[in-house]
Every structure is written in C-alpha cells, then in structure tokens.
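**Student:** Here you go, one structure.
What follows is calculated from the coordinates using simple rules that are stated; it is not laboratory data. Predicted model only: the values in this text are computed from it and were never measured. Quick reminder, even Gly has a Cβ in these numbers, built from the backbone with ideal geometry, and neighbours come from all protein chains shown.
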Amino acid sequence: MMHADIPRTKRTLTGWHILAMFVGGFSIIVAVNLLLAYSAVRTFPGLETDSSYVASQSFDDDRAAQDALGWDVRLEYGDGQLDLWIVGPDWQAVQPEIISTTLGRATNVASDSAPDFVWTGTHLRAPADLATGNWNLRVDLRAADGTAFRRRIPLHVRP
C-alpha cells in the first residue's frame, strides 16, 4: 500500500512554546506538592502532649515506676476480638484499672476508637472490627498501688 505524500507544514519552536512547556511542567510539580502537603496536614493526628518540656521532667521517673511493676503486655486479635494480656513478674494475670484506651492507625485519627475492654478472669477483651494492616493500641492503666502504666502496643492484622 502506497501512502500519498502529505504535505507537512514546518512549525518553528518559539520562545512562547518553551515558556508554555516550562510553566506547565512546574505547575504540575507544584500541584502535586500542594496535594501531598494537604494530605499530610489533614491526616496528622496531632500533638501527644501540650508541653513536651513539662512531660520530659517526669519521664524517667514515670518509666522507672512502670518498669518496676514488671508487667509484660501482649495484644492479640482474632475472630473479631481484641485480647490484651497483662502478666506480672510472677506470671500471674494482672487486672489493672483502665483509665483510657485508644485503638487506631499510626498515620491518622479517622479510624480511632475506644475499645470497651472487660475482664475475662485472665485478660482484658473487647470486640473490634479491624481491617488488615498496622494498628496501635494506646493504653493508660493504673496498677493497684496507683502507679500509672502507659504504653503504645503495635498490632499487625494479617489478611
């Protein structure tokens, strides 16, 4: 099959064309950067404490008191149940007072919830409907002697 010669017009590349390509390219870069910055700020969970300096003044003492409890914590998820196991240094189950609990993703607060843990006689259990991926359980507990126990316990839910 023969192609007919199609007459082509010569177009020259002018400064206006270069300027349009330059502005268009950088506009795309700026738009993507603004979108990413907006997404980062929108999903930022916020501050952990109002004053990091004040919190740091008692950090070492608080950590030493928590470590002195000798508690070992383990978090498991299965069959729609979240199980929090806390054992003391003698490997006996510990039933602490629950001050607060927050279950959520590490990257945003959109799916945060406050699980309603109940004592089963051996551990704490709460119903939870979790999607696959990484989760964090932040607990604020109190021992029988009044010692505060605060932890962030990571949990990976497999498909």
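**Student:** Looking for whichever is within 23 Å of the chain's Cα centre (by Cα), assigned to a loop (DSSP other than H, G, I, E, B) and surrounded by fewer than 11 Cβ atoms within 10 Å (Cβ to Cβ) here; the options are Asp129, Asp145. Which one fits?
**Tutor:** Matching residue, one of Asp129, Asp145: Asp129.
**Student:** Follow-up question, since we're still on this one. Please pick out the residue among Thr49, Thr120, Thr102, Thr43 that is of a type outside the set (A, V, I, L, M, F, W, C), touching a helix residue (DSSP H, G or I) at 6+ places or on another chain (Cβ under 7 Å) and closer than 23 Å to Pro154 by Cβ.
**Tutor:** Values: Thr120 fails: touching a helix residue (DSSP H, G or I) at 6+ places or on another chain (Cβ under 7 Å); Thr102 fails: touching a helix residue (DSSP H, G or I) at 6+ places or on another chain (Cβ under 7 Å); Thr43 fails: touching a helix residue (DSSP H, G or I) at 6+ places or on another chain (Cβ under 7 Å).
So the residue among Thr49, Thr120, Thr102, Thr43 that is of a type outside the set (A, V, I, L, M, F, W, C), touching a helix residue (DSSP H, G or I) at 6+ places or on another chain (Cβ under 7 Å) and closer than 23 Å to Pro154 by Cβ is Thr49.
**Student:** Of the residues in the stretch 45-79, how many are surrounded by 10 or more Cβ atoms within 10 Å (Cβ to Cβ), of a type outside the set (Phe, Trp, Tyr), assigned to a loop (DSSP other than H, G, I, E, B) and in contact (Cβ under 8 Å) with a residue 40 or more places away in the chain?
**Tutor:** 1
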